[in-house]
Amino acid sequence: MRFMMLVKANKDSEAGVLPTREMLEAMGKYNQELIDAGALLAGDGLHPSSKGARIKFSNGKTTITDGPFPETKELLAGYWVIDVKSRDEAIEWARRIPFSEGEEVEIRQLFEVTDFPADILPPEEAAREQAFRDKQTKAAKR
């Protein structure tokens, strides 16, 4: 089962404050534990929303809004994608993140091809999608 661990933004991450050397070392150790367990598929920190944009789709048109965005609690500062056996295992990995007081992580399970019935995702399309996902996973684990 694949899960995304979403790191919530805070005032520091939105201000572009970089982590300390100690924090980077702790995060590197944590990431290595994920790698050693064969669980880590992807993970990165994100620049502040001031360097981003939102694209809204409405009535066949797009509206682009440049950052920064006002609601920090709705923003992300980083993520991991992990492949584990269960939601409980994903929670256990999230509990081990070496974060400071007040930082927050949300976990969300990713859809798998098998989550879609054949009337929505016909077998030939499901096979194509699964092959794509397998290729992604293989590349991520290199």
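The values are calculated or read from the model by the stated rules, or taken from the named source; none is laboratory data. Bear in mind that the values here come from a model prediction, so they are computed numbers and not experimental data. Cβ coordinates were reconstructed from backbone atoms using ideal geometry, including for glycine residues, and neighbour counts include every protein chain displayed. To get the accessible areas, we keep the full protein, side chains included, count just its heavy atoms, and leave off ligands, DNA and RNA. Shrake-Rupley method; radii C 1.70, N 1.55, O 1.52, S 1.80 Å.
Tabulated results
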{"item": "Selected from Lys73, Lys85, Lys56 as most flexible by GNM, with the chain as the system and alpha-carbon contacts under 10 Å", "result": "Lys56"}
{"item": "Potential extension, Leu76-Met23 segment - 0.36 nm per residue separation minus Cα distance", "result": "17.3 nm"}
{"item": "The chain, accessible area per residue, ligands and nucleic acids excluded (1.4 Å, Å²)", "result": "72"}
{"item": "Stretchable slack from Asp119 to Arg96, in nm (0.36 nm times residue separation minus alpha-carbon distance)", "result": "4.3 nm"}
{"item": "18 Å Cα-Cα reach of Lys29 towards lysines, excluding residues that sit fewer than 8 places from it in its own chain", "result": "Lys141"}
{"item": "The chain pair-distance distribution - Cα-Cα, 5 Å bins, rounded %", "result": "2, 8, 15, 17, 16, 16, 14, 8, 4, 1, 0"}
{"item": "Electrostatic dipole magnitude of the chain [Cβ: Lys, Arg +1; Asp, Glu -1; Cα centre; debye, to 20]", "result": "380"}
{"item": "Rounded percent of accessible protein surface that carbon and sulfur make up, the chain, 1.4 Å probe", "result": "52"}
{"item": "Sum of -39500 (n - 2.57) over DSSP H runs of 4+, divided by residues of the chain (222 nm, nearest 500)", "result": "-10000 deg cm²/dmol"}
{"item": "Listed residue pairs exceeding 22 Å between alpha carbons, taken from Lys51/Lys135; Lys11/Lys85; Lys51/Lys138; Lys85/Lys135", "result": "Lys51/Lys135; Lys11/Lys85; Lys51/Lys138"}
{"item": "Percent RCO, i.e. relative contact order, over the chain, from Cα pairs under 8 Å lying at least 6 residues apart", "result": "40"}
{"item": "Listed residues Gly28, Gly52, Ile91: farthest to the positive end of the dipole of the stretch 1-110 (Cβ charges)", "result": "Gly52"}
{"item": "Label-point gap, in nm, between Thr137 and Ile64 - each point 7 angstrom along Cα→Cβ", "result": "3.6"}
